[in-house]
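Shown next, in structure tokens, is the structure this report addresses.
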Amino acid sequence: MRSSQNGGAMGGRAAGTGGGGPSAPVDKEVDYAQYFCTYSFLYHQKDMLSDRVRMDAYFNAVFQNKHHFEGKTVLDVGTGSGILAIWSAQAGARKVYAVEATKMADHARALVKANNLDHIVEVIEGSVEDISLPEKVDVIISEWMGYFLLRESMFDSVISARDRWLKPTGVMYPSHARMWLAPIKSNIADRKRNDFDGAMADWHNFSDEIKSYYGVDMGVLTKPFAEEQEKYYIQTAMWNDLNPQQIIGTPTIVKEMDCLTASVSEIEEVRSNVTSVINMEHTRLCGFGGWFDVQFSGRKEDPAQQEIELTTAPSEQHCTHWGQQVFIMSNPINVEEGDNLNLGLLMSRSKENHRLMEIELNCEIKEASGNPKESFKKTYFIE
Ligand SMILES: C[S@@+](CC[C@H](N)C(=O)[O-])C[C@H]1O[C@@H](n2cnc3c(N)ncnc32)[C@H](O)[C@@H]1O
């Protein structure tokens, strides 16, 4: 489950650790307090279990590919309520190791027992990085995805489990992942600009009053206050359930990942240069929408019988609890059909909290003729 202070779907996958940079050691106690503890609540697991798009995708991936599970050993990284471990056992696994860092492990154990699967599923309480298994496994299953795929950095734990416990012939569930970005129109941009302007008007009244009633000039704090509010209203990515009609240009993949071979260094920093073409007449570029999808395709030598995809793309029918992350522009730009957007994206982890993300977005807009139109560079935060 994921959270966002700007209208997030749920309070959930939250903050992380204090650190001094992407590779700084993680303070486990802080990480537990800020990130893991939310997962120890049943209401939180229930929210994830209520996401039908997510549930159907994992359910179909397991039960339509039973050949990957029958008679096999499975590791469920971050079992939560135990749902994926239970399905793996029901699909015929010989043994399932269900690892959960929080006390939710007790509830998972009870659920496994109540469903008469305790002879197959062994719930282990602990961080997957710290535990030890008696054998290597044929399948690693995990639901590790955060907002815009990588928020929460939980895939690091899956990589660590894969490198320690997956047999050389093993299969990852999911097997592949992609991040998408697309230009959007949205009236959120105007709303957020108004909210920001309102906060600044309020500040000016406040500082006038402090001066006249209490004789202190607050002027020196106006700039830092404006920066703080700008970060909150404009630069912090927002959870949104976009309508596909708000997408005004070609969606583009900014990152593709093979879960069998991906490394932490490749996700600590994601760099991408891509092009999107505006495909709507006379419209306003108000920002960008970011989302992800994952595929359950098995491995090349042992493919899925039925490939399943879980997508969090804008849809008129379905919304996931991940929604989309919206990166708004405070000053929307008029664009025309055929305009080209050359986009440079650099996504890195917050220095203060390795589970949160910072995004630098460069955009050069050219007319269809090739004439330069506008360019800008913005920094956003996924909190
Ligand atoms: C998004 S939830 C998924 C829960 C469940 N698998 C499901 O699909 O409903 C992720 C779970 O992984 C656990 N988790 C995250 N990192 C972990 C780690 N390094 N070791 C063990 N559990 C972890 C969290 O506590 C949380 O319960």
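Taken together, the values in this text are just the output of simple stated rules run on the coordinates, not laboratory data. Computed from a prediction, not measured in an experiment: that's the story for all the values here. So basically every Cβ, Gly included, is an ideal-geometry build from the backbone, and we count neighbours across all protein chains shown.
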Ranked by Cβ crowding within 10 angstrom, fewest neighbours first, how are His204, His44, His176 ordered?
His204, His176, His44
Once the dipole of the chain is set up from charges on Cβ (+1 Lys and Arg, -1 Asp and Glu), the residue from the list Val216, Gln64, Phe381 lying farthest towards its positive end is Gln64
Distance histogram for the stretch 180-336 (every C-alpha pair counted, 5 angstrom bins, percent rounded to whole numbers)
2, 8, 13, 14, 14, 13, 10, 8, 6, 5, 3, 2, 1, 1, 0, 0
A 21 angstrom limit on the alpha carbon distance is what I want to check against. Which of Lys113/Lys167; Lys185/Lys366; Lys192/Lys378 exceed it?
Lys113/Lys167
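Which of rounded, prolate, oblate describes the stretch 303-364, given a ≥ b ≥ c as roots of the alpha-carbon gyration tensor eigenvalues and a/c under 1.5 marking rounded, otherwise prolate only if a/b is larger than b/c? Could you put the intermediate results ahead of the total?
Working: a/c = 1.90, a/b = 1.24, b/c = 1.53.
Oblate, because a/c is 1.5 or more while a/b does not exceed b/c.
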If neighbour count is taken as other Cβ atoms inside 10 Å, put Ser157, Ser315, Ser88, Ser186 in order from fewest to most.
Ser315, Ser157, Ser186, Ser88
What is the percent of Cα-Cα separations in the stretch 339-383 that go past 13 Å?
58
Taking H as built 1.01 Å from N, whose amide H comes closer than 5 Å to the amide H of Ser186, not counting residues under 5 places away?
Cys286
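Classify the stretch 42-99: rounded, prolate or oblate, from the alpha-carbon gyration tensor (a ≥ b ≥ c, eigenvalue square roots; a/c under 1.5 rounded; otherwise prolate if a/b is larger than b/c)?
oblate
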Work out how much length Ser375 to Asp195 would gain on full extension: take 0.36 nm times their residue separation and subtract the Cα-Cα distance, in nm to one decimal.
62.3 nm
Write down the Kirkwood hydrodynamic radius of the stretch 214-290, to one decimal in angstroms, obtained as one divided by the mean of 1/r over all alpha carbon pairs.
17.0
Just want the ordering: Asp106, Asp217, from fewest to most Cβ atoms lying within 10 Å of their own Cβ.
Asp217, Asp106
Which of the listed residues, Leu133, Leu111, Val123, is farthest toward the dipole's positive end in the stretch 100-141, when Lys, Arg count +1 and Asp, Glu count -1 at the beta-carbon?
Leu111
Label Glu309 and Lys167 with points 7 Å out from Cα along Cα→Cβ: what is the distance between them in nm?
3.1
What does the helix-only formula give at 222 nm for the chain: each DSSP H stretch with n ≥ 4 adding -39500 (n - 2.57), the total divided by the residues, and the result rounded to the nearest 500 deg cm²/dmol?
-7500 deg cm²/dmol
With a Förster distance of 22 angstrom and the Cβ-Cβ distance between Lys136 and Lys103, calculated FRET efficiency to the nearest 0.05 equals 0.20
The chain: radius of gyration and largest Cα-Cα distance (Dmax), Å:
22.8, 78
The stretch 28-143 - Rg (one decimal) and Dmax (whole number), Cα, Å
13.6, 41
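With +1 assigned to the C-beta of every Lys and Arg and -1 to the C-beta of every Asp and Glu, and no other charges, what is the dipole magnitude of the chain about the Cα centre in debye, to the nearest 20? Could you put the intermediate results ahead of the total?
Details: 38 positive and 54 negative charges, 129 e Å.
The dipole magnitude comes to about 620 debye.
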Of the cross-linked pairs Lys223/Lys351; Lys28/Lys300; Lys46/Lys72, which ones have a Cα-Cα span greater than 25 Å in the structure shown?
Lys28/Lys300; Lys46/Lys72
As I understand it, the dipole of the chain uses +1 on the Cβ of Lys and Arg and -1 on the Cβ of Asp and Glu, about the Cα centre. Which of Leu166, Met200, Pro183 lies farthest toward its positive end?
Leu166
Using unit Cβ charges (K, R positive; D, E negative) and no other charged atoms, how large, in debye to the nearest 20, is the dipole of the stretch 28-143 about its Cα centre?
380
